[in-house]
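Working notes for the structure below.
The values are calculated or read from the model by the stated rules, or taken from the named source; none is laboratory data. Everything quoted here is computed from the prediction, not taken from an experiment. Cβ placement follows ideal geometry from the backbone for every residue including glycine, while neighbour counts extend to all protein chains displayed.
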Amino acid sequence: MSEFKVRASSWGSLFDCSMRWEGEHMLGIRKPAGLRAQLGTAIHAGTAAFDSGRLAGAPITLDEAAGVFVDTLRNPEHDVDYSQDDLTVNEAEKIGLVLGVKYCTEIAPKMDYLSVEMPLEPLVIDCGNGIFVKLTGTMDRARVVRSAGGKVINDLKTGSRVIAKGAVVIQGRSAQLGTYQIMSEQTDGEETVGAQITGLQTTSTAAVGVSRVFDAKRVMLGTEDKPGLIQFAAVMFKTGLFPPNPQSQLCSPKYCARWATCMYHE
Ligand code: SF4
């Protein structure tokens, strides 16, 4: 019997290039992230501090949230490859400060948050043949929201492509959010009614928005006649075959630590 422990927050990227995911999360083949990724980390830190303060009844000011953002951006906990992105730290700071203010004044006041980055009870997936996957961790970068219809999982996404044609992009988000829906239900016993994305666009336009609520859990669990992503994942873990995806947007020497040894991108 074998059990693989996997961080729930990494689950979504398993379905992008599975071979890259295996390299990063099972074999420890990693490379430093770029400044845009660090900008995302810093925006999350600032907004999470703002929301957590309000939830705990000890609100912090916009300036204090901005301080958390700047501190995280300029003092990364991990190595950052500053040559990876066409962006300076000052430019990143400017974009992040605008987005932080927009988030705290336009989005957060409209949300009834129940938790920020909720700790999750582990979820064990039986893949067959004595192989188990144990998903653990917190609902990284996501919130639980009380909406008129019920409990919704809201994931805060940053990036240059999170908003397109004026709408927050939800394509390809169900693996991550479906996992959070299932695990949050298991943790607090309350059904979710769906998931949604809050998008903060890390470009000079600094657009922000919230998507419609969609059923991410269905994509993970499948339907009567269609297998869910959990079933596809179980086959990968059972067989040990994690397929490459050279069409992935992250298939490049910039983003993939397996590039030098992977023949599939050619
Ligand atoms: S080089 Fe491309 S196909 Fe190969 S592991 Fe990396 S992302 Fe996947």
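Of all the numbered requirements in (1) under 23 Å from Thr179 (Cβ atoms); (2) modelled with pLDDT of 95 or more, Arg258 misses one, and that requirement is (1). With respect to (1) over 25 Å from Lys151 (Cβ atoms); (2) in contact (Cβ under 8 Å) with a residue 40 or more places away in the chain, the lone exception for Val168 is condition (1).
Within segment 1-55, if we keep just the residues that are of a type in the set (D, E, K, R) and in a strand (DSSP E or B), the residue that is farthest from the ligand (Cβ to nearest atom) turns out to be Glu3.
For segment 229-266, residues that are in contact with a Pro (Cβ under 6 Å, 6 or more places away or on another chain) and among the polar types (S, T, N, Q) total 0.
Which members of segment 122-133 meet the condition of being at pLDDT 90 or above and more than 18 Å from the chain's Cα centre (by Cα)? Steps first, please.
Just the residues of segment 122-133 that are at pLDDT 90 or above, to begin with: 122-127, 130-133.
The answer is Val124, Ile125, Asp126, Cys127, Gly130, Ile131, Phe132, Val133.
All conditions but one from (1) away from the ligand (no atom under 16 Å from the Cβ); (2) at pLDDT below 95; (3) of a type outside the set (S, T, N, Q); (4) more than 16 Å from Leu14 (Cβ to Cβ) apply to Leu200; the one that does not is (2).
Residues that are aliphatic (A, V, I, L, M) and assigned to a helix (DSSP H, G or I) within segment 140-190 comprise Ala175, Leu177, Ile182, Met183, listed in sequence order. Scanning segment 204-231 for residues that are in contact (Cβ under 8 Å) with a residue 60 or more places away in the chain, loosely packed, with under 15 Cβ neighbours inside 10 Å and either among the β-branched types (Val, Ile, Thr) or farther than 30 Å from Leu87 by Cβ (or both) returns no hits.
Only a single item in (1) in a loop (DSSP other than H, G, I, E, B); (2) touching a residue at least 60 places away in the same chain (Cβ under 8 Å) is not met by Leu200, and it is number (1). Suppose the filter is of a type outside the set (Gly, Ala, Ser), surrounded by 12 or more Cβ atoms within 10 Å (Cβ to Cβ) and in contact with a Cys (Cβ under 8 Å, 6 or more places away or on another chain); does Leu55 pass it? Criteria not met by Leu55.
Taken over segment 125-151, the criterion of being within 21 Å of Leu14 (Cα to Cα) and free of Cβ contacts under 8 Å to residues at least 60 places away in the same chain is satisfied by Ala142 alone. Where residues in segment 232-245 are of a type outside the set (Gly, Ala, Ser) and without any contact (Cβ under 8 Å) to a residue 60 or more places away in the chain, which of them is farthest from the ligand (Cβ to nearest atom)? Ranking the candidates gives Thr239 first.
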